[in-house]
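Q: What follows is a single structure, and I will ask about it in a moment.
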Amino acid sequence: MLIITELLLVLFLTILIAHYLKLQWSRRQYPPGPTPLPILGNLWTLGFVLHHESLIQLAKTYGNIFTVWLGQKPVIVLNGCQTIRDALISHSEEFAGRPTIPTFHELSKGKGVILSSGHTWRQQRRFALTTLRNLGLGKKSLEARIQEEAKSLVEFFAMTKGKSLDPSPAIVHSVTNVISAVIFGHRFSRDDEEFHLLIKANDVITVKIVSAWGRLFDAFPWLMRHLPGPHQDIFRSNAFLEEFLKKEIQSHKANGAPEEPQDLIDFYQDKISKDPHDVVSTFDEHNMVRLAADFFAAGTETTTSTLQWAFLYMVIHPEIQGNVQKELDAVLGQSQNIQYEDRKRLPYTNAVIHEIQRMSNVVAVSLFRETVKETSFQGFSFKKGSIFAPNLSSSLFDPDHWETPHQLNPGHFLDKEGKFMNKEAFLPFSAGHRVCLGEQLARIELFIFFTSLLRAFILRLPEGVKNVNMVPIFRGTLQPQPYRICAFPR
């Protein structure tokens, strides 16, 4: 028995050494990076999470293009404004792919728009952009829905009469109702229990898919698929989300096609009916469910996280809050509805919103990209199918582009005359062919929600609270620690 145990141990060590030597040989074809361990790669040293600050530190040692190994899979990290822009904008076509990551593939099966590639991605993205325009993106109709939700949020804050509140649930509800109107054609009440379960399911997916358990599933899907653990919550929540969406689709079918499509589901069903025999069409119910799920995820997490940061920054920077309110009073007064077009007359307020987006850094590391063909880039040659992780955080805090990169400074977006100016290092929505589908919608929401609340209230910390923990929580997006504020009518 002892001899068998010793033989097995020798065999295991031999396999481990062979794997290590193979790994070291494979590394030669990739940019430099930390030495990976057998089987785990760099997962152990990264804490099983691809954290933006760890990647910025590694860039100081290995340069702005370096490789980390997530298990046995090499991922090339892009760091710094110029490197990211060169890859995602100057080489946009080459970097337009999305790799097959086990957790993501388990959810989407290559359907929808966020996690798909090739022909499916091109068709679904073109349809999604056209539908958003048809539903009023950039027009008064969709903006009116956002104004309605902003008004509802103001009314909710007013009901607290200056008492301490956690603003997060109300923000999540209002923002989620905007994208719900886009997808389903209607909003949900604050008391709708199934709607709360839907929000929770989306939150579980977003949080756990980037957790250590998600990374373990990506590294060892053949094993983790059969083991119990928190990673299974991802797939249970996804099943609930898809079932909810299917019920909404069935409800639309039962009500019949309207003369004019009113929401994403209407437009998609209309598209399917027009091309029933198109052999190259990707428009079917499976893609409809995934596209709706993509809209829901993209339309909630980043905007709600940014608004949570926005109100927190305002209470710890009352002087900036006061300057915003002075500009709002001088330009808009109290009577008229706030419109996105007003940002052109509110350069300081617009600058503050952009600076909050930069500092909150909610999508620190962009979803992975994949090269769709062999590519030469900044002195390196990459094969088709190489996987890249753009560290957007490194651009948003790049000291070569920001005067005070780690301080909230609206002056970053103002010229000497106080006029608003864009900055090339401002990449919170990523860039290139895979730029965030909902960028324009998010910009409109952030502006209208932020200005509506600040025009109506003075936001302060609860009495006795002096210190605020500004260390973010990594929950898919970077979110603030739970906090409470008081909203006093102006």
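The values are calculated or read from the model by the stated rules, or taken from the named source; none is laboratory data. This one's a predicted model, so the numbers in the text were calculated from it and none came from an experiment. All Cβ positions, glycine included, derive from the backbone under ideal geometry; neighbour counts span all protein chains shown. With ligands, DNA and RNA removed, areas are computed over all heavy atoms of the protein, side chains included. Shrake-Rupley method; radii C 1.70, N 1.55, O 1.52, S 1.80 Å.
Q: For segment 26-66, which positions are assigned to a strand (DSSP E or B), open to solvent by less than 30 Å² (accessible area, probe 1.4 Å) and not small (Gly, Ala, Ser)?
A: Within segment 26-66, ILE65, PHE66 qualify.
Q: Looking only at segment 410-432, count how many residues are surrounded by 18 or more Cβ atoms within 10 Å (Cβ to Cβ) and touching an Asp or Glu at 6+ places or on another chain (Cβ under 8 Å).
A: Adding up the residues that qualify gives 5.
Q: Scan segment 462-478 residue by residue and report those that are within 28 Å of the chain's Cα centre (by Cα) and open to solvent by 20 Å² or more (accessible area, probe 1.4 Å).
A: Correct list: VAL468, ASN469, MET470, VAL471, PRO472, ILE473, PHE474, ARG475, GLY476.
Q: Sticking with this structure for a sec: Of LYS344, LYS373, which residue is in a helix (DSSP H, G or I) and surrounded by fewer than 21 Cβ atoms within 10 Å (Cβ to Cβ)?
A: Going through LYS344, LYS373 in turn, the sole match is LYS344.
Q: Of the residues in segment 379-422, how many are part of a strand (DSSP E or B) and touching a Phe, Trp or Tyr at 6+ places or on another chain (Cβ under 8 Å)?
A: Count: 5.
Q: (1) part of a helix (DSSP H, G or I); (2) under 21 Å from the mean Cα position of the chain (by Cα): which one isn't true of LEU137, the others all being true?
A: Every listed condition holds for LEU137 apart from (1).
Q: Something else: If we scan segment 365-376, do we find a residue that is of a type outside the set (Ser, Thr, Tyr), within 30 Å of LEU454 (Cβ to Cβ) and touching a residue at least 60 places away in the same chain (Cβ under 8 Å)?
A: Just the residues of segment 365-376 that are of a type outside the set (Ser, Thr, Tyr), to begin with: 365, 367-370, 372-374.
Filter again for within 30 Å of LEU454 (Cβ to Cβ), leaving none.
Looking for residues that are of a type outside the set (Ser, Thr, Tyr), within 30 Å of LEU454 (Cβ to Cβ) and touching a residue at least 60 places away in the same chain (Cβ under 8 Å), one finds none in segment 365-376, hence no.
Q: Something else now. Let me spell it out: the conditions are (1) open to solvent by 40 Å² or more (accessible area, probe 1.4 Å); (2) in a helix (DSSP H, G or I); (3) closer than 22 Å to SER141 by Cα, and ASN337 meets all of them except one. Which number is the exception?
A: Result: ASN337 fails condition (2) only.
Q: Any residue in segment 68-76 that is assigned to a helix (DSSP H, G or I), among the aromatic types (Phe, Trp, Tyr) and either open to solvent by 10 Å² or more (accessible area, probe 1.4 Å) or modelled with pLDDT of 95 or more (or both)?
A: No, every residue in segment 68-76 fails to be assigned to a helix (DSSP H, G or I), among the aromatic types (Phe, Trp, Tyr) and either open to solvent by 10 Å² or more (accessible area, probe 1.4 Å) or modelled with pLDDT of 95 or more (or both).
Q: Let me ask something else. Based on this model, can you work out whether VAL175 counts as in a helix (DSSP H, G or I), open to solvent by 10 Å² or more (accessible area, probe 1.4 Å) and of a type in the set (A, V, I, L, M, F, W, C)?
A: No: the conditions fail for VAL175.
Q: Only residues that are more than 16 Å from ASN64 (Cα to Cα), of a type outside the set (Ser, Thr, Tyr) and open to solvent by less than 40 Å² (accessible area, probe 1.4 Å): list them for segment 83-93, please.
A: Hit for segment 83-93 is HIS91, nothing else.
Q: Which condition number in (1) assigned to a helix (DSSP H, G or I); (2) under 13 Å from VAL182 (Cβ atoms); (3) not polar (S, T, N, Q) is the one that ASP86 fails?
A: Of (1) assigned to a helix (DSSP H, G or I); (2) under 13 Å from VAL182 (Cβ atoms); (3) not polar (S, T, N, Q), only one is false for ASP86: (2).
Q: For GLU355, indicate whether it is charged (D, E, K, R), crowded, with 21+ Cβ neighbours inside 10 Å and assigned to a helix (DSSP H, G or I).
A: yes
Q: With open to solvent by 10 Å² or more (accessible area, probe 1.4 Å), closer than 24 Å to VAL435 by Cα, out of contact with any strand residue (DSSP E or B) (no Cβ under 7 Å at 6 or more places or on another chain) and not hydroxyl-bearing (Ser, Thr, Tyr) as the only criterion, which of PHE127, PHE156 stands out?
A: PHE127
Q: Would it be correct to say that LYS161 is assigned to a loop (DSSP other than H, G, I, E, B), open to solvent by 10 Å² or more (accessible area, probe 1.4 Å) and among the charged types (D, E, K, R)?
A: Criteria met by LYS161.
A quick yes/no check of all residues on (1) open to solvent by 10 Å² or more (accessible area, probe 1.4 Å); (2) free of Cβ contacts under 8 Å to residues at least 24 places away in the same chain; (3) assigned to a helix (DSSP H, G or I); (4) basic (Lys, Arg):
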{"residue": "MET314", "(1), (2), (3), (4)": "no, no, yes, no"}
{"residue": "ASN323", "(1), (2), (3), (4)": "yes, no, yes, no"}
{"residue": "LYS326", "(1), (2), (3), (4)": "yes, yes, yes, yes"}
{"residue": "GLY333", "(1), (2), (3), (4)": "yes, yes, no, no"}
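Q: Another question about this same structure. Going through ILE199, ILE183 one at a time, which residue ends up being open to solvent by less than 20 Å² (accessible area, probe 1.4 Å) and assigned to a helix (DSSP H, G or I)?
A: Selected residue: ILE183, the only one of ILE199, ILE183 that is open to solvent by less than 20 Å² (accessible area, probe 1.4 Å) and assigned to a helix (DSSP H, G or I).
Q: Regarding PHE457, is this residue surrounded by 20 or more Cβ atoms within 10 Å (Cβ to Cβ), closer than 20 Å to ILE338 by Cβ and among the aromatic types (Phe, Trp, Tyr)?
A: yes
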